[in-house]
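Beneath this line is the structure, given in structure tokens, with notes to follow.
The values are calculated or read from the model by the stated rules, or taken from the named source; none is laboratory data. Given the structure is predicted, the values throughout are model-derived calculations rather than measurements. Neighbour counts are summed over all protein chains in view; Cβ atoms, including those assigned to glycine, are modelled from backbone coordinates with ideal geometry. These accessible areas exclude ligands, DNA and RNA; they are computed on the full protein's heavy atoms, side chains included. Shrake-Rupley method; radii C 1.70, N 1.55, O 1.52, S 1.80 Å.
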Amino acid sequence: MKLVFAGTPEVAVPALDALIASGRHEVAAVVTRPDAPAGRGRRLVASPVAERAEQAGIEVLKPAKPRDEEFLARLREIGPDCCPVVAYGALLPRVALDIPAQGWVNLHFSLLPAWRGAAPVQHAIMAGDEITGATTFLIEEGLDSGPVYGTVTEEIRPTDTSGDLLTRLAFAGSGLLAATMDGIEDGTLKAVPQPADGISTASKITVEDAHIDWAAPALRVDRMVRGCTPAPGAWTVFRDERLKLIQVATVPDRTDLAPGELSVAKNNVYVGTGSYAVELLWVQAQGKKPMRAADWARGVRIPSGERLGV
């Protein structure tokens with residue numbers, strides 16, 4: 001088939017690579033979000049997908065909105081049979097959905113209908129799910145509600161951050177997306193409607209959502225930190241400034257601390273929660289680089305009874 005691939009961040013690059021490497025289909029063009037300011041200089045930078053496509057000599061389309069008439073006209077000129085999508089980042093209007101004969105097929109990082117929405121991996125970790133996966137489905141105008149072509153499953157490990165899990169799913173999902181394109185092309189794969197039960201939604205995680213509540217149980221705190229790492233980053237307040245929490249560990253045998261109360265040993269920093277304590281392993285103070293929590297604690301000299309979140 002002739003394909004136009006749509007995607008933007010680094011997590012979409014493995015799928016683009018898989019389609020290029022398969023040799024069975026032609027990736028005629030790539031659609032991605034416009035260049036965005038990045039770094040201290042805030043200079044405009046192309047998306048990871050745009051950079052990879054340019055390296056491969058593939059035409060790159062960067063519409064401000066996918067309903068722009070110039071973009072739609074070019075898409076019609078290319079005449080794709082199918083448009084595979086991974087984390088493109090913009091809603092596709094019906095006029096665009098109708099252009100390819102086989103539609104737009106999305107690779108979504110959950111086992112649909114669980115965790116429809118923008119942040120499925122983060123929500124799966126924060127909810128304590130043990131299994132997740134990736135799904136290919138035909139895009140329709142509803143939110144991640146289209147019929148499913150295929151799935152792969154992935155275990156959520158006890159120490160997984162959303163970054164760890166998303167990296168694994170990106171590579172597992174790339175093979176699923178390539179196989180889905182093959183099955184659509186040879187007619188062996190038919191999309192099956194999603195079940196009506198088991199639906200959950202995964203809205204975007206905001207910075208405010210990532211504010212740790214120390215009255216929550218320790219397991220909840222651990223899942224929040226892992227689910228919000230690397231972005232948007234879990235945080236608390238220490239001496240009127242934000243303290244980013246990069247890695248923690250639960251300590252079930254430490255139940256003597258009130259929620260948010262700090263206890264500092266030579267090489268350990270503990271915090272009380274609504275159940276038992278967690279140990280701070282890596283933190284990042286405002287304006288500083290990430291550091292081991294024990295080194296941070298030595299630098300700020302924490303007296304007995306001082307609390308986080310105050």
Exercise. Give me the pairs: first residue in segment 273-290 and more than 14 Å from residue 236 (Cβ to Cβ) and among the polar types (S, T, N, Q), second residue outside any loop (DSSP other than H, G, I, E, B) and at pLDDT 95 or above, beta-carbon distance under 7 Å, and six or more apart or on different chains, which are they?
Worked result: 275/218
Exercise. How do the pairs read when you match residues in segment 3-29 that are free of Cβ contacts under 8 Å to residues at least 12 places away in the same chain with residues anywhere that are of a type in the set (Val, Ile, Thr), using Cβ under 8 Å and keeping only pairs 6 or more apart or on different chains?
Worked result: none
Seminar exercise, completed: Across (1) under 19 Å from residue 106 (Cβ atoms); (2) open to solvent by 60 Å² or more (accessible area, probe 1.4 Å); (3) not in a loop (DSSP other than H, G, I, E, B), residue 17 clears everything bar (2)
Problem set entry | Candidates 135, 153 - the one that is surrounded by 17 or more Cβ atoms within 10 Å (Cβ to Cβ), in contact (Cβ under 8 Å) with a residue 24 or more places away in the chain, closer than 30 Å to residue 23 by Cβ and in contact with a strand residue (DSSP E or B) (Cβ under 6 Å, 6 or more places away or on another chain) | 135
Seminar exercise, completed: Here the residues within segment 37-50 that are surrounded by fewer than 15 Cβ atoms within 10 Å (Cβ to Cβ) and not hydrophobic (A, V, I, L, M, F, W, C) are 37, 39, 40, 41, 42, 43
Problem set entry | Members of segment 268-310 found to be hydrophobic (A, V, I, L, M, F, W, C), open to solvent by less than 30 Å² (accessible area, probe 1.4 Å) and part of a strand (DSSP E or B), listed by number | 269, 271, 277, 278, 280, 283, 285
Exercise. Can you name the residue in segment 64-87 that is among the small types (Gly, Ala, Ser) and touching a strand residue (DSSP E or B) at 6+ places or on another chain (Cβ under 7 Å) and, of all such residues, is surrounded by the most Cβ atoms within 10 Å (Cβ to Cβ)?
Worked result: 87
Exercise. Is there a residue being open to solvent by less than 20 Å² (accessible area, probe 1.4 Å), under 19 Å from the mean Cα position of the chain (by Cα) and of a type in the set (A, V, I, L, M) anywhere in segment 184-203?
Worked result: yes
Exercise. Is it the case that segment 249-263 has a residue that's open to solvent by 40 Å² or more (accessible area, probe 1.4 Å), outside any loop (DSSP other than H, G, I, E, B) and among the aliphatic types (A, V, I, L, M)?
Worked result: no
Exercise. Among the candidates 52, 40, which residue alone is assigned to a loop (DSSP other than H, G, I, E, B) and of a type outside the set (Gly, Ala, Ser)?
Worked result: 40
Problem set entry | Candidate set from segment 210-228 (those that are part of a loop (DSSP other than H, G, I, E, B) and open to solvent by 20 Å² or more (accessible area, probe 1.4 Å)); member that is nearest to residue 283 (Cα to Cα) | 213
